[in-house]
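The values are calculated or read from the model by the stated rules, or taken from the named source; none is laboratory data. Treat the numbers as computed from the prediction; the structure is a model and nothing was measured. Cβ: placed from backbone, ideal geometry, glycine included. Neighbour counts: every protein chain shown. To get the accessible areas, we keep the full protein, side chains included, count just its heavy atoms, and leave off ligands, DNA and RNA. Shrake-Rupley method; radii C 1.70, N 1.55, O 1.52, S 1.80 Å.
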Amino acid sequence: AGIGKCVAMELARRNARTILACRSRERGQAAVEEIRAATGNPAVVLRLLDTASLASVRAFASAVLREESRLDVLVNNAGVTGLPFAITSEGLEQTFATNYLGPFLLTNLLLG
């Protein structure tokens, strides 16, 4: 939803292969279908990613590096605010992990 969906829509309109990295399979797939229908671009795909989980970030990056021949643009758009204090299963504060650590790790893993 929001900025991320708008960016994905515009990339797909420009005929780019577009990977939506989403936490929710259901909401992500709905966005994929909407973007495909609006743009006529069949190369819009869903991959699951939770930036609050460093294991999820590592798995996502590994899959992208294995499955994609190249990556031209990365848009880190995940973010949360107003959550109650919580610790992830990896022992990190959830907001910090989601907004900073996950995107930082993802970017560095994809740089090669």
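Points to keep in mind about this one:
- Surface composition of the range 3-111: carbon and sulfur make up 55 percent of the accessible area, probe 1.4 Å.
- Charge dipole (the range 3-111, unit charges on Cβ, about Cα centre) - positive-most of Leu110, Gly91, Ala12: Ala12
- Stretch gain in nm, segment Val73-Asn108, where the contour uses 0.36 nm per residue and the Cα spacing is subtracted: 11.3 nm
- Built amide H within the under 5 Å cut-off of Glu93, gap 5+: Thr88
- Low-density loop positions, trypsin sites (Lys or Arg not before Pro), the range 16-112 - DSSP coil, at most 15 other Cβ in 10 Å: Arg23, Arg70
- Separation in nanometres of the label points that stand 7 Å from Cα toward Cβ, at Glu33 and Phe85: 4.2 nm
- Accessible area (Å², per residue) of the range 16-68, counting only protein heavy atoms and a probe of 1.4 Å: 54 Å²
- Nitroxide proxy distance, nm - points 7 Å out along Cα→Cβ at Ala1 and Gln94: 1.6 nm
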